[in-house]
Amino acid sequence: MLLSTQTDNVFAKCGIDEGLKIFAAAGYDALDYSMFGMTNDDHFLNNCDVEAFAKELRGKAEVLGLVFNQAHAPFPCWRNGDEAYNAKMPARVANAIRIAGILGAKSIVVHPIAYIKPGDAQKAFNFDFYRSIEPVALEYGTKIALENMWGYDNRRGYIMPNVCSFGRDLCEYYDELANPAAYTVCLDLGHCGLVGEEPDEAIRVLGHDRLGALHIHDNNYKADSHTVPYDPSGRMNWDNITRALGEIDYQGDFTYEADNFLGRIPASEIQTGVNYMAALGRRLMAKIDAARPKK
């Protein structure tokens, strides 16, 4: 199991070259490369030779002893009623997959789409979308990771289930897509409680064979806080979570998506925050390993 974290906040605050040094100094094994900004027309990844960029970035990381284990495609990759946006996003998602593959990432999270029509229509829309980008993933040797999502009811002002919100939904999508060479599941632990499912329950529903990746962060079951485990505002049960991961003999990596914790830290002190997250991650990884079946 590799210790990994997303790059979004640190790269934005400190730049890519300095950010890589910060992660390496903290003792991370791997990184989850964030490409959220590709939704913006002027983002550099939309205006460069992506293959040359990815090769250069991979080389810089390898010099420091880092690899890229995961990546994050731009989000959202589709918006209800925004035809101009929807017309340009498929090519950008495909480019993100190419970048992930060249970086050597085992998987790239491509979020399911909260299509305006629920149920079977939503599933059919998503399957068409995923099938359209599946050849790129296969060509570049990285898996498309399905993630559990949540929605928001603006009228009543609260979070509610949406697309792939529960472990059983992820199972259904993964099983029906039926191509383990092209797909895996990334369980976002923080999203589980927001829709009323305990993360350890979702872990057990997915089991050893489907669950290939994680997004690890804490919250209070009311807001998608994306903060570090054991944050004073967090209420998630990390003993239950680590035990469940061990008991299914989870074979993926430990990947943080807790950048909001770092968002409160000035750039001059970011190394301290990154060091803390890395040390805590190692302790949680040890708890997972301790709960694995005895061989």
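The values are calculated or read from the model by the stated rules, or taken from the named source; none is laboratory data. All of these numbers come straight from a predicted model, not from anything done at the bench. Ideal geometry is used to build each Cβ from the backbone, glycine not excepted, and the neighbour counts take in all protein chains shown. For accessibility, only protein heavy atoms count, side chains too; no ligands or nucleic acids. Shrake-Rupley method; radii C 1.70, N 1.55, O 1.52, S 1.80 Å.
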Amide H neighbours of V67 at under 5 Å, excluding residues fewer than 5 places away on the same chain, with H built from the backbone geometry, are A30, L31
The chain accessible area per residue, 1.4 Å probe, protein heavy atoms, integer Å², reads 42
Quarter of the surface of the C-alpha convex hull for region 79-183, i.e. direction-averaged projected area in nm², equals 7.1
Of R243, R235, ordered by accessible area with the largest first and a 1.4 Å probe, the sequence is R235, R243
Quick calc: nm separation of the 7 Å Cα→Cβ label points for D249 and E172 -> 3.0
With every protein chain in place, the accessible area of I288 for a 1.4 Å probe, in Å² rounded to the nearest 10, comes to 0
Residues meeting the amide H criterion for D188 (H placed from the backbone, H to H distance under 5 Å, 5 or more places apart or on another chain) are N148, H215
Treating only Lys and Arg (+1) and Asp and Glu (-1) as charged, each at its beta carbon, one finds that region 20-70 has a dipole about its Cα centre, in Debye to the nearest 20, of 240
In Å, the Kirkwood estimate of hydrodynamic radius for the chain over Cα pairs equals 19.3
Number of Lys pairs in the chain closer than 20 Å at Cα, excluding neighbours under 8 places apart unless interchain, is 10
Once all protein chains are kept in place, D224 shows an accessible area at probe 1.4 Å, nearest 10 Å², of 40
In the chain, whole DSSP H helices that both stretch 18 Å or further along their axis by alpha carbon positions and average at least -1.0 on the Kyte-Doolittle scale are 50-63, 83-103, 120-140, 270-290
With +1 at each Lys and Arg Cβ and -1 at each Asp and Glu Cβ, the charge dipole magnitude of the chain around its Cα centre, to the nearest 20 debye, comes out at 360
Residues whose modelled amide H sits under 5 Å from the amide H of T227, counting only those 5 or more places away in sequence or on another chain, are D218
Under a 1.4 Å probe, counting only protein heavy atoms, F44 has an accessible area in Å², nearest 10, of 90
With the label point 7 Å along the Cα-to-beta-carbon line of K60 and a cut-off under 15 Å to each amide N, the hits in region 78-114 are 103
Given the candidates V63, I102, L284, the one whose Cα lies deepest towards the positive end of the charge dipole of the chain, counting +1 at each Lys or Arg C-beta and -1 at each Asp or Glu C-beta, is L284
Rounded to the nearest Å, the spacing of the alpha-carbon centers of region 30-66 and region 109-172 is 24
Checking region 212-249 for chymotrypsin sites (Phe, Trp or Tyr not before Pro) in a loop per DSSP with at most 14 other beta-carbon atoms within 10 Å yields Y230
Distance in nm between K222 and R156 label points, each 7 Å along Cα→Cβ, equals 1.7
In the chain the accessible area split gives carbon plus sulfur, as whole percent at 1.4 Å, a share of 50
In terms of the charge dipole of the chain, which places +1 on Lys and Arg and -1 on Asp and Glu at the beta carbon, the residue among I22, I113, A137 farthest towards the positive end is I22
At q = 0.20, 0.23, 0.28 Å⁻¹, the log10 of I(q)/I(0) for region 122-195 from a Debye sum over equal Cα scatterers comes to -0.86, -1.03, -1.27
With +1 at each Lys and Arg Cβ and -1 at each Asp and Glu Cβ, the charge dipole magnitude of region 1-90 around its Cα centre, to the nearest 20 debye, comes out at 160
When the charge dipole of the chain is computed with +1 at the Cβ of Lys and Arg and -1 at the Cβ of Asp and Glu, the Cα pointing farthest to the positive end, of M38, S233, T7, is that of S233
